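Notes follow once the structure below has been shown.
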Amino acid sequence: MNVIEQAADVLQKAKKVVFFTGAGISADSGIPTYREKLSGIWTGLDPRDLETAKAFRENPALVWGWYLWRRLRVAQAEPNAAHLAIPRMAHSQRQVSVITQNIDDLHERAGSSNVIHLHGSLAMPKCFACHRPAVVFPDQSAVPEEGARIEPPRCLRCNGRMRPAVVWYGEDLPSQSWKAAVLLVKDCDLLISVGTSGIVMPAAGLPDLALDSGASVIHVNKADVAMGEQKELMLIGAAAEVLPMLLEKISEGR
Ligand code: ZN
C-alpha cells in the first residue's frame, strides 16, 4: 500500500474527522499568505506594521484600506478543489469538522458548515473600542483601491472606529473558538492538517494534541512537516491535488 492508500484507509475507518487548515489551502485559490514581503502598492510595508493595534491607533485609514482590499481579493477568489473535497468526505457514518487559521470564507463557500476560525474572519468587522461585532457590513462608498487610505466607519453603539475582526499580532485567539477547537481535536479519530506552516502558536500545537489524544494525523503540505510519530502520515503535494485524490480513493472503496 502506498502512502495515499494508507491515508485513504485511515480516513475510510474514521468516524470523527477534523480538518485543520492554514494558508496553504487558500494559496491554491490565489490568496497570498501575507506572511512574506508585500508587493505592488504595499511594497515597503510589513504586515506586522499593518496588523497590530498600535498600527491601527496610529493610522486607522491605512489599516482599514488594507482590510477592505483584502476583503476584495477574497471576494474575487473561488474555493478550489481542496476546499470542495472536504464537505464531500462527510457521510452518515463520518462527521467532518473544519478548524481554520484562515480569515477568508472559502470553506463556507465550498459547502462546509460550522467552520471554526481561530484567527477571526474578514467577513464582519468589530468595534475597536467596545469590541462588539458589526450587525451589518458598514456602508462603504469608497472603492477599495489598492493602497487607498479609507477612514473606518463608526460603531453604531459607541461611535468607536470599526476594525477588522481578525487576530492581529500580539492578540490572543478568540477564546470560544479555541476552546471549541480543542474539544473537537481531543474527540476526533483523525486530524488532517492541510497547508499549515506549523509555526503560528498555539494553533500549531493542534496536531500534537490529536496524537496525544490517540488520534491519527495526516499532513498535506508541499514540504515534509511530519514529526515522525507512528500514527502520522505525510502526503507531500498541493492541497488542491492531494485532497481530491483522497476523496476519489475513499469513494472507490465505498
Ligand atoms: Zn463600539
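The values are calculated or read from the model by the stated rules, or taken from the named source; none is laboratory data. Just so you know, these numbers come straight off a predicted model, no measurement behind them. As a convention, Cβ positions derive from the backbone with ideal geometry for all residues, glycine included, and neighbour counts pool all protein chains shown. Heads up: the accessible areas ignore ligands, DNA and RNA and are worked out on the full protein's heavy atoms, side chains in. Shrake-Rupley method; radii C 1.70, N 1.55, O 1.52, S 1.80 Å.
Odds and ends about this structure:
- Residue within region 83-98 that is more than 16 Å from the ligand (Cβ to nearest atom), among the β-branched types (Val, Ile, Thr), open to solvent by less than 30 Å² (accessible area, probe 1.4 Å) and closer than 23 Å to residue 170 by Cβ present: no
- Residues in region 175-204 that are more than 16 Å from residue 16 (Cα to Cα) and exposed (fewer than 14 other Cβ atoms within 10 Å of the Cβ): 175, 176, 179, 199, 201, 202.
- In region 150-166, the residues that are in contact (Cβ under 8 Å) with a residue 40 or more places away in the chain form Cβ pairs under 9 Å with partners that are within 11 Å of the ligand (Cβ to nearest atom) and of a type in the set (Gly, Ala, Ser), at six or more places apart or across chains, as follows: 161/129; 162/134; 165/134.
- Among residues of region 73-82, those that are farther than 15 Å from residue 121 by Cβ and in a helix (DSSP H, G or I), counted: 3
- Unmet requirement for residue 107, which otherwise passes all of (1) in the same structural domain as residue 20 (by TED's automatic domain parsing); (2) part of a loop (DSSP other than H, G, I, E, B): (2)
- In summary, residue 77 fulfils each of the numbered conditions (1) without any contact (Cβ under 8 Å) to a residue 40 or more places away in the chain; (2) more than 16 Å from the ligand (Cβ to nearest atom); (3) within 22 Å of the chain's Cα centre (by Cα) with the single exception of condition (1).
- Residues in region 48-66 include none that are touching an Asp or Glu at 6+ places or on another chain (Cβ under 9 Å), closer than 24 Å to residue 242 by Cα and outside any loop (DSSP other than H, G, I, E, B).
- Put simply, of 206, 183 the only residue that is within 21 Å of residue 15 (Cβ to Cβ) and without any contact (Cβ under 8 Å) to a residue 12 or more places away in the chain is 183.
- Residue selected from region 204-221 under the condition outside any strand (DSSP E or B) and touching a helix residue (DSSP H, G or I) at 6+ places or on another chain (Cβ under 7 Å), by the criterion nearest to residue 240 (Cα to Cα): 206
- Among residues of region 99-136, those that are more than 16 Å from the ligand (Cβ to nearest atom) and on the phi < 0 side of the Ramachandran plot, counted: 22
- Taking residues in region 8-32 that are in the same structural domain as residue 243 (by TED's automatic domain parsing), and partners anywhere that are assigned to a strand (DSSP E or B) and basic (Lys, Arg), the pairs with Cβ atoms closer than 8 Å and at least 6 places apart or on different chains are 14/94; 15/94; 16/94; 17/94.
- Conditions (1) in contact with a Pro (Cβ under 7 Å, 6 or more places away or on another chain); (2) closer than 26 Å to residue 63 by Cα; (3) open to solvent by 10 Å² or more (accessible area, probe 1.4 Å); number of the one not met by residue 110: (2)
- Residue list for region 194-224, filter: among the charged types (D, E, K, R) and more than 17 Å from residue 6 (Cβ to Cβ): 208, 212, 222
- Residue count, region 207-232 (criterion: among the hydroxyl-bearing types (Ser, Thr, Tyr) and surrounded by fewer than 18 Cβ atoms within 10 Å (Cβ to Cβ)): 1
- Scanning region 147-174 for residues that are away from the ligand (no atom under 12 Å from the Cβ) and open to solvent by 70 Å² or more (accessible area, probe 1.4 Å) turns up 149, 151, 170, 172.
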